[in-house]
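The values are calculated or read from the model by the stated rules, or taken from the named source; none is laboratory data. Just so it is clear, the structure is predicted and the values come from calculations on it, not from any experiment. Cβ sites come from the backbone with ideal geometry, for glycine too, and all protein chains shown count toward neighbours.
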Amino acid sequence: MRWFLLALGLLVVPGLAQTPPPPTNQVEKQDPLKLGVQLYALGRYEAALELFERALRERPQDPDVLYWLARAQLKVGLLNPALENAKGLVARNPRYIGGYMVLSEAYVALYRASEDREKGKAYLEQALTVLRDAERVNPRYAPLFAQRGLVYAFLGQVDKAEEAFKRALSLQDSAEVRAALAELYLAAGRLDEALEQYAKAVGLSPKDGSLRVRYASALMVKGRAEEAVRVLEEGHRLKPLDAEGWYTLGQAYFVLGRHKEAGVALENAVALAPLRFPAAYYYLGQVYLALGDAQKAKSRLTVAVRLEPKRAEYRYQLCLANEKLGDKEGARYQCKEALKLKPGYREAEEVLRRL
């Protein structure tokens with residue numbers, strides 16, 4: 001379930017993601033906390049952590065410093081130090097809502113790191129206790145309820161998770177929370193409700209490429225490939241697609257039989273991330289076969305098979321490409337390998353009979 005990836009991302013600091021770090025020669029003149037927050041928003045967590053540690057030495061009583069230090073520690077995997085810093089923050093500043101938030105995030109992170117998830121659920125119960133304490137401090141703080149929804153989702157309590165996410169949205173409409181609610185609905189098999197929430201989330205954050213990919217993927221599951229194409233093409237006009245965006249767009253074009261456009265999109269995906277999407281090479285092989293270029297098809301399918309040699313369908317398509325090129329021995333070998341992986345593979349058996 002992909003919604004759990006939002007575990008540490010529901011508490012958003014608006015605007016910081018667009019703020020670039022200052023030139024190196026200005027670093028010493030800047031407040032280390034402010035610069036650290038900027039670097040954190042850019043995903044440079046280790047660099048941010050160093051600045052937060054420096055800020056703590058300079059201002060050991062500042063709750064904001066300890067809050068950001070704990071969050072950065074969570075991002076780099078220093079879970080126990082983050083937990084202790086979050087506990088100390090709450091103990092010394094019981095009216096500071098951020099302390100409760102980062103403490104609950106620390107417990108969620110410990111749950112996610114647990115080898116025994118059943119025993120690890122004790123961490124989630126602790127997170128819920130912390131969030132109940134936070135509600136007494138500020139009962140109208142939207143991220144609190146978003147975090148509670150996440151915890152209930154981990155516990156498999158869908159109704160309570162839904163209630164918490166909706167409470168968060170009633171206090172502050174947010175693309176992140178709507179996306180989390182959509183993921184919850186997806187996990188529960190409530191596809192239409194998930195699509196409704198994704199559409200609203202994209203409306204709130206139209207330049208979020210990752211959100212558009214998730215929306216488009218859900219549309220594909222629903223069989224609405226044309227809408228998936230529209231969502232991704234519109235997103236590309238606002239902000240260039242990344243590798244996953246091109247890959248998903250290529251799949252949608254392929255489903256629609258738009259082979260030339262699928263080829264362009266999928267080639268963009270593998271150019272940006274050569275090893276991330278083995279299936280992209282598989283789709284490219286089929287695209288080039290459909291376009292009558294068996295040599296290119298063989299080239300791309302060979303990569304697919306090298307990356308995932310136990311996928312029978314990849315070997316079958318490579319068998320077809322070899323057959324088109326007149327390489328009967330190569331075709332027989334790949335179809336036989338496909339049959340080893342998938343006994344009774346009818347299409348592969350038919351090719352072997354032809355050969």
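Which ones in the range 273-300 are in a helix (DSSP H, G or I) and either of a type in the set (A, V, I, L, M) or in contact with a His (Cβ under 6 Å, 6 or more places away or on another chain) (or both)? Matches in the range 273-300: ALA279, ALA280, LEU284, VAL287, LEU289, ALA290, ALA294, ALA297.
When you check LEU238 against the structure, is it touching a helix residue (DSSP H, G or I) at 6+ places or on another chain (Cβ under 7 Å) and among the aliphatic types (A, V, I, L, M), yes or no?
no
Quickly run through the range 91-134 and pick out the residues that are touching a Ser or Thr at 6+ places or on another chain (Cβ under 8 Å) and touching a residue at least 40 places away in the same chain (Cβ under 8 Å). Within the range 91-134, just VAL130 meets the criteria. Within the range 174-198, if we keep just the residues that are touching a residue at least 12 places away in the same chain (Cβ under 8 Å) and more than 20 Å from VAL231 (Cβ to Cβ), the residue that is surrounded by the most Cβ atoms within 10 Å (Cβ to Cβ) turns out to be LEU184. Within the range 160-173, the set of residues being under 15 Å from ALA201 (Cβ atoms) and either in contact (Cβ under 8 Å) with a residue 40 or more places away in the chain or charged (D, E, K, R) (or both) comprises LYS166, ASP173.
Across the range 36-77, the number of residues qualifying as in a helix (DSSP H, G or I) and within 26 Å of the chain's Cα centre (by Cα) comes to 20. Looking across the range 224-245, just one residue is more than 23 Å from ALA194 (Cβ to Cβ) and in contact with a Leu (Cβ under 7 Å, 6 or more places away or on another chain), and that is ALA243. Criterion applied to VAL303, VAL264 was being more than 17 Å from THR248 (Cα to Cα), assigned to a helix (DSSP H, G or I), modelled with pLDDT of 95 or more and out of contact with any Asp or Glu (no Cβ under 9 Å at 6 or more places or on another chain), and the one residue passing it is VAL303.
Filtered by the rule that a residue be among the aromatic types (Phe, Trp, Tyr), buried (at least 17 other Cβ atoms within 10 Å of the Cβ) and more than 29 Å from LYS260 (Cβ to Cβ), the range 296-355 gives a lone residue, TYR345.
Checking ALA273, ALA269, ALA225 one by one, the residue that is surrounded by fewer than 21 Cβ atoms within 10 Å (Cβ to Cβ), closer than 17 Å to GLN286 by Cβ and in contact (Cβ under 8 Å) with a residue 24 or more places away in the chain is ALA225 and no other. Among residues that are touching a Lys or Arg at 6+ places or on another chain (Cβ under 7 Å) and either farther than 29 Å from LYS222 by Cβ or free of Cβ contacts under 8 Å to residues at least 60 places away in the same chain (or both), PHE145 is included.
Select from the range 204-232 the residues that are part of a helix (DSSP H, G or I), of a type outside the set (A, V, I, L, M) and over 30 Å from GLN172 (Cβ atoms) and list them in ascending order. The one that is part of a helix (DSSP H, G or I), of a type outside the set (A, V, I, L, M) and over 30 Å from GLN172 (Cβ atoms): GLU226. When the range 184-203 is filtered for residues that are out of contact with any Lys or Arg (no Cβ under 7 Å at 6 or more places or on another chain) and in a helix (DSSP H, G or I), the ones remaining, listed by number, are LEU184, TYR185, LEU186, ALA187, ASP192, GLU193, ALA194, GLU196, ALA199, GLY203.
Annotation for the range 240-252: no member residue is more than 17 Å from SER210 (Cβ to Cβ), modelled with pLDDT of 95 or more and in a loop (DSSP other than H, G, I, E, B). Scanning the range 16-24 finds one or more residues that are within 17 Å of VAL102 (Cβ to Cβ), at pLDDT below 95 and either of a type in the set (Gly, Ala, Ser) or out of contact with any Gly (no Cβ under 7 Å at 6 or more places or on another chain) (or both).
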